[in-house]
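Here's the structure we're looking at; comments come further down.
The values are calculated or read from the model by the stated rules, or taken from the named source; none is laboratory data. Every value quoted in this text rests on a predicted model; they were computed, and no experiment measured them. Methodologically, a virtual Cβ is constructed for each residue, glycine included, from the backbone with ideal geometry; neighbour enumeration extends over all protein chains shown. Accessible surface areas use protein heavy atoms only, side chains included; no ligands, DNA or RNA. Shrake-Rupley method; radii C 1.70, N 1.55, O 1.52, S 1.80 Å.
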Amino acid sequence: MTAEMVAPAWMHTQITAEQYDSWSEEQCAGIEIVDGMVVVSPSASKRHNRLARVMVNGLDAAAGADWNAGTDFDVRLQDVPLTNRRPDVVVYRADTIDLTPTRPEHVLLVVEVVSPGSETTDRVVKVDQYARAGIPFYWRVEQAPTGVPLVYTYLLDPAAKTYRDGEVFTGTVKAVAPFTVEIDLCAL
């Protein structure tokens with residue numbers, strides 16, 4: 001069995017931003033591009049999707065008129081080699097709603113909900129990529145064995161292009177940065 005029998009040939013070669021931009025929404029669904037290579041994301045669990053939805057609803061309600069919160073779209077971290085990430089939740093400037101691709105300078109906060117199989121990517125790889133891209137805030141939601149989610153918050157040190165540890169919330173997020181927000185994650 002060849003690699004082409006398992007996956008299409010385009011998944012085995014580095015693609016450019018121009019090639020990716022010519023693909024349909026259906027072709028782009030469920031994938032990220034890292035260093036020009038397609039990375040397929042497995043379907044998320046219902047709990048993962050619910051956590052992301054509760055986060056996006058709370059953030060969108062608290063963000064004010066200048067910011068929107070959304071899910072399931074690419075953030076273009078770099079053009080060469082192409083790196084597009086699809087965070088679980090993105091808080092972005094409201095006036096960029098119709099701009100594609102969404103770029104780091106449009107983004108205030110990204111949130112990743114950690115799932116089995118995404119631990120290293122969400123805890124290490126994406127943290128570094130988002131920081132190097134200059135995204136001011138990163139939050140990571142851990143699905144704890146107790147069933148009560150933990151939310152780790154991080155603030156960008158722009159000079160070092162790394163994140164500093166922020167507050168950790170158990171069950172209920174009561175943050176003041178990047179804006180005041182309270183989100184109850186216990187009622188899943």
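Here the range 11-77 is treated with +1 on each Lys and Arg Cβ and -1 on each Asp and Glu Cβ, and its dipole about the Cα centre works out to around 520 debye. Taken over the C-alpha atoms, the range 80-188 has Rg and Dmax values of 14.1, 42 angstrom. Computed over protein heavy atoms with a 1.4 Å probe, the accessible surface of the chain works out to 53 Å² per residue. Taking every DSSP bridge with both residues inside the chain, close to 85 percent are antiparallel.
When shorter helices are ignored and each DSSP H run of at least 4 residues is given -39500 (n - 2.57), the per-residue value for the chain at 222 nm works out to -5500 deg cm²/dmol. For the Cα atoms of the chain, what angle does the longest principal axis make with the long axis of helix 46-62, in degrees from 0 to 90, nearest 10? In the chain, helix 46-62 runs at an angle near 60 degrees to the longest axis. Comparing V90, V34, V125 in a Gaussian network model of the chain, where Cα atoms under 10 Å apart are tied by springs, the biggest mean-square fluctuation is seen for V125. Working note: Karplus 6.51/-1.76/1.60 with θ = phi - 60° gives the range 102-112 the couplings 6, 10, x, 5, 8, 10, 9, 8, 10, 10, 10 Hz, where Gly and Pro are set to x.
Just checking the listed ones, A160, A63, A17: in the Gaussian network model of the chain with Cα springs under 10 Å, the one fluctuating most is A160. Residues considered: A52, A133, A61. Largest GNM mean-square fluctuation over the chain, using C-alpha springs under 10 Å, is found at A61. Only Lys, Arg, Asp and Glu carry charge here, each on its Cβ (+1 for the first two, -1 for the last two); on that basis the range 23-167 has a dipole of about 300 debye about its Cα centre.
The charge dipole of the range 48-133, taken about its Cα centre with unit charges on the Cβ of Lys, Arg, Asp and Glu (plus for the first two, minus for the last two), comes to roughly 180 debye. Accessible surface of the range 148-188, 1.4 Å probe: 54 percent of it comes from carbon and sulfur atoms.
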